[in-house]
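Beneath this line is the structure, given in structure tokens, with notes to follow.
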Amino acid sequence: MEEVEKGVLGYDPKTHMMTDMQIRTQNHLNPTYRKLDLPPPMIGKHRHQHGQSLYEDIHHFLNHSEWAPAQTEDEDNKVSGTIWLELFIMFDTGMHRRLGNSHVPSQAAKARANQRAAKKDS
């Protein structure tokens, strides 16, 4: 009987469901948004000094954004947190990155790529 149902529906109802294509929000929960209380960004010699300006941009973004708790006390209103990709998208599309700030793991590789691009353009 299950195989017939799969064939009629065109999908397996145990693993797929029909949706209304609405983006889920937690606005109905009236969450209390909070700001993070971060210490000032590190300066001088530290682990991320090679990307100091980008590090400061990320610090500013996290410190000045408002965040809702990922868990509510109400059992009926389960909410989820934010994944790293969503944080990156909010940072990048929210114009929190100063012009010219980009993550470059290898300056030597970037220089080689720029040389190749210059040769290709000429």
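The values are calculated or read from the model by the stated rules, or taken from the named source; none is laboratory data. Only a predicted model underlies this, so the values are computations on that prediction, with no experimental measurement involved. Here the Cβ positions follow ideal geometry from the backbone for every residue, glycine too, while neighbour counts run over all protein chains shown.
Side notes on the structure shown:
- Enumeration of residues in region 81-122 that are polar (S, T, N, Q) and within 28 Å of the chain's Cα centre (by Cα): T82, T93, N101, S102, S106, Q107
- Positions within region 1-34 being modelled with pLDDT of 80 or more and in contact with a helix residue (DSSP H, G or I) (Cβ under 7 Å, 6 or more places away or on another chain), in sequence order: D12
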